[in-house]
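Peer 1: Here it is: the structure, laid out below.
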Amino acid sequence: MPVSLLSNRTSIRFRSQVISVARVKSESIYSETLLCFTQALTAAIGKTQMTRAHSTIIAAPRLVLLTLACLATGAAMAQGPSYDCSKVEAGSIEEMICQDEELSALDLELSGVYAEASVKAANEQPPILKAEQRGWIKGRDDCWKSDDQRKCVKDQYQLRIAELQARYRLVPGNGPFTFVCGSPGPEVIATFFQTKPPTLIAELGDSVSLMYQQPSASGAKYQGRNETFWEHHGEALVIWGYGAPEMHCKKSQ
């Protein structure tokens, strides 16, 4: 196989790997990693004085090693959050995230999840994802008011990641299951998602609620903004709306 064809195919495969690493980081990380690969490609193939046949055999494994080194460099650069820490305000929530390894990792994770959700939401009408994310960032930054700022920020990230994964079906789901409330009565359609924390999307008529699992002595209890779904052995206690009465529902077979 000609060296040029080998290098082109390897370059294509590497570029896709670089994009997957760099998509959740700033453009500078992508540029630096791509530059590293370009230099590696030149070192492995471009300057060889061997015959084409020999350079193909020798350069390929050498290029693989250099490629791995470039990926390691990109991964090391990706340890911080998804934004440029040199531009944040002193004393801000963003600065606190930059200085905290776990919070930085959560920010990076959310950036990747948000990118996946954006693909799913490309044809969403009305387009609400971007506006919601701006609102979420404002809420996260309001954690400066909290007595425990770090816990507030961490909770905000975990809940937002779980929300996007459930809403846009980015993780496996279990369901939907139908729960009949009364005889005859309304039906609640529930789908469970393997997020952290676990989530539930419930539908009652035209109303939809995203709920997060809460600690409970028995069964599985989920809480939304004004909704509760508490399931145990195929029966569920459902409260739908502020001040609404309890509904006792059974899972349909």
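Derivation of every value follows stated rules applied to the coordinates shown; laboratory data play no part. What you see is a predicted model; the values in this text were computed from it and never measured. A quick note on method: Cβ atoms are made from the backbone with ideal geometry, for glycine too, and the neighbour counts reach across all protein chains shown.
Peer 1: Excluding Gly185 itself, calculate the net charge of residues whose Cβ lies under 14 Å from the Cβ of Gly185, where each Lys or Arg counts +1 and each Asp or Glu counts -1.
Peer 2: Numbers: positive: Lys250, Lys251; negative: Glu187, Glu235, Glu246.
Summing Lys and Arg as +1 and Asp and Glu as -1 gives -1.
Peer 1: Moving on. List the lysines whose Cα lies under 23 Å from the Cα of Lys138, skipping any in the same chain that are fewer than 8 positions away.
Peer 2: Lys25, Lys87, Lys130, Lys151, Lys154, Lys196
Peer 1: I would also like to ask the following. Under a Cβ-Cβ cut-off of 12 Å, what is the net charge of the residues other than Val208 that fall near it, where Lys and Arg count +1 and Asp and Glu count -1?
Peer 2: Here the charged neighbours net out to -1.
Peer 1: Would you please classify the overall shape of segment 173-251 from the alpha carbon gyration tensor, given that a ≥ b ≥ c denote the square roots of the eigenvalues, rounded means a/c under 1.5, and beyond that prolate means a/b larger than b/c while oblate covers the rest? Write out the running numbers ahead of the final one.
Peer 2: On the way: a/c = 1.35, a/b = 1.32, b/c = 1.02.
Because its axes are fairly even, with a/c under 1.5, segment 173-251 counts as rounded.
Peer 1: From the Cα gyration tensor of segment 103-253, with a ≥ b ≥ c the square roots of its eigenvalues, which class applies: rounded if a/c is under 1.5, or else prolate if a/b is larger than b/c, or else oblate? Intermediate values should be presented prior to the final figure.
Peer 2: Details: a/c = 2.04, a/b = 1.60, b/c = 1.28.
Cα axes put segment 103-253 in the prolate bin.
Peer 1: Rounded, prolate or oblate: which fits segment 109-198, taking a ≥ b ≥ c as square roots of the Cα gyration tensor eigenvalues, rounded meaning a/c under 1.5, else prolate when a/b beats b/c?
Peer 2: Prolate shape, in that a/c is at least 1.5 and a/b is the bigger ratio.
Peer 1: Give the relative contact order (percent, whole number) for segment 182-253; include only Cα pairs under 8 Å separated by 6+ residues. It would help to have the intermediate numbers written out before the result.
Peer 2: Values: 131 pairs, mean separation 12.6, N = 72.
After rounding, I find 17 percent.
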